[in-house]
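Colleague: Sharing a structure with you now.
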Amino acid sequence: MNRRGVDLLVGLFVLLGFAAIVFLAVRAGNMTGAFSLGPTYEAVARFDNIGGLKPRAAVRSAGVVVGRVTSIRFNDELYQAEVMLALDRNYKFPKDTSAKILTSGLLGDQYIGLEPGGDTEMLGPGDRITMTQSAVVLENLIGQFLYGKAAEGGGGK
């Protein structure tokens, strides 16, 4: 094999390696939804505590990704976080759908889980999901556990 052929193969190998790194970075950065935006409609959900939820986090129902978190802002009148959701138009949810902030695994990424209700009327663009459950913050759970144990042990001696 001549020198030019070897250089071409090495260049192709380096280019393939670079493409693989970019692919892994996009997957790890949860940016796959940024490239596959189909027609969506926006809904809003308010939470008391969003934990570590971030924009571009998945919105799932029954384990299937049905949308993405587009933005998060603080409502200074209600003192709650407002989370804007871009839901795929192919998926319709009843107006009484509930939203929870869940975690993938024990310490994984956070996402929003939607549980459909039984209403006959469907969510539309700009509608608000009223039934929400905030994120479970591990530090708060540990604090409550320790406080409960201290209250049990400190009263009798």
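The values are calculated or read from the model by the stated rules, or taken from the named source; none is laboratory data. Owing to the predicted nature of the structure, the values given are computational and were not obtained by experimental measurement. In this analysis, Cβ positions are derived from the backbone assuming ideal geometry, glycine residues included, and neighbour counts consider all displayed protein chains. Please note that ligands, DNA and RNA were not included when accessible areas were found on the heavy atoms of the full protein model with its side chains. Shrake-Rupley method; radii C 1.70, N 1.55, O 1.52, S 1.80 Å.
Colleague: Once you have a ≥ b ≥ c as the square roots of the Cα gyration tensor eigenvalues for the chain, tell me rounded if a/c is under 1.5, and otherwise prolate or oblate according to whether a/b is larger than b/c. Please list the in-between numbers first.
Modeller: On the way: a/c = 3.22, a/b = 1.53, b/c = 2.10.
Oblate, since a/c reaches 1.5 and b/c is not below a/b.
Colleague: Please identify every one of the GluC sites (Glu not before Pro) in the range 38-114 that sits in a loop by DSSP and has no more than 11 other beta carbons within 10 Å of its own beta carbon.
Modeller: On the way: sites: E42, E77, E82; in loops: E77.
Filter output for the range 38-114: E77.
Colleague: Express the carbon and sulfur contribution to the solvent-accessible surface of the chain as a percent, rounded to the nearest whole number, probe 1.4 angstrom.
Modeller: Whole-percent figure for carbon plus sulfur exposure: 60.
Colleague: Could you please report the charge total around D88, scoring K, R as +1 and D, E as -1 over all other residues with beta-carbon less than 12 angstrom from its beta-carbon?
Modeller: With Lys, Arg at +1 and Asp, Glu at -1, the net is +3.
Colleague: Amide H of G67: which non-local residues (sequence gap of 5 or more, or other chain) have their own amide H closer than 5 Å, using H built in the peptide plane?
Modeller: Here the answer is V59, D88, since their amide H atoms fall under 5 Å of that of G67.
Colleague: If you don't mind, another one. So what is the calculated 222 nm ellipticity per residue for the chain, using -39500 (n - 2.57) for each DSSP H run with n of 4 or more, over all residues, to the nearest 500 deg cm²/dmol?
Modeller: Calculated from helices alone, the mean residue ellipticity at 222 nm is -10000 deg cm²/dmol.
Colleague: Using Cα atoms only, what is the angle between the long axis of helix 138-154 and the major principal axis of the chain, expressed in degrees (0 to 90) to the nearest 10?
Modeller: 30
Colleague: Next question, about the same structure. With a 1.4 Å probe and all protein chains left in place, how much accessible area per residue does the chain have, in Å²?
Modeller: 69
Colleague: Something else now. Along Cα→Cβ, 7 Å out, is where each label goes; now give me the distance between the ones at I21 and M131 in nm to one decimal.
Modeller: That separation, rounded to one decimal, is 4.9 nm.
Colleague: Still on this structure, I have one more. D7 to T103: FRET efficiency via 1/(1 + (r/R0)^6), r the Cβ-Cβ distance, R0 41 Å, to the nearest 0.05?
Modeller: 0.25
Colleague: Specify whether the C-alpha gyration tensor of the range 61-145 places it in the rounded, prolate or oblate class, a ≥ b ≥ c being the square roots of the eigenvalues: rounded for a/c under 1.5, otherwise prolate if a/b is larger than b/c and oblate if not.
Modeller: In terms of gyration-tensor shape, prolate.
Colleague: Here's another thing I want to ask about it. Please find, in a Gaussian network model of the chain (springs between Cα atoms separated by less than 10 Å), the residue of T97, T132, T120 whose mean-square fluctuation is greatest.
Modeller: Between T97, T132, T120, it is T120 that shows the largest mean-square fluctuation.
Colleague: Which value, in debye to the nearest 20, describes the size of the charge dipole of the chain about its Cα centre when Lys and Arg Cβ atoms bear +1, Asp and Glu Cβ atoms bear -1, and nothing else is charged?
Modeller: Using Cβ point charges on Lys, Arg, Asp and Glu, the chain gives about 660 debye.
Colleague: Related question: Simple spin-label model, 7 Å along Cα-to-Cβ: D76 to N140 in nm?
Modeller: Simple spin-label model gives 2.3 nm for this pair.
Colleague: For R89, what accessible area in Å² do you get when you roll a 1.4 Å probe over the heavy atoms of the protein chains, rounding to the nearest 10?
Modeller: My reading of the accessible area for R89 is about 110 Å².
Colleague: Then there's this: Whole-Hz Karplus ³J(HN,Hα) for the range 62-75, in order, using 6.51 cos²θ - 1.76 cosθ + 1.60 and θ = phi - 60°, x for Gly and Pro?
Modeller: 6, x, 9, 6, 10, x, 9, 7, 8, 7, 9, 9, 9, 8
Colleague: I need to check one value: relative contact order of the chain, counting alpha carbon pairs closer than 8 Å and at least 6 residues apart, in percent.
Modeller: So the answer I get is 23 percent.
Colleague: Per-residue accessible area for M122 at 1.4 Å probe radius, Å² rounded to 10?
Modeller: Here the residue's solvent-accessible area equals roughly 90 Å².
Colleague: Still on this model: Roughly how much of L78 is accessible, in Å² to the nearest 10, using a 1.4 Å probe?
Modeller: 80
Colleague: Among A81, P116, F145, whose Cα sits farthest toward the positive end of the charge dipole of the range 80-157 (+1 at Cβ of Lys/Arg, -1 at Cβ of Asp/Glu, about the Cα centre)?
Modeller: My answer, from the dipole projection, is F145.
Colleague: May I pose another question? Would you tally the net charge around K54, using a Cβ to Cβ cut-off of less than 14 Å, leaving K54 out, and scoring K and R as +1, D and E as -1? Write down the numbers at each step before the final one.
Modeller: On the way: positive: R56, R68, R73; negative: D109.
Once positives and negatives cancel, what remains is +2.
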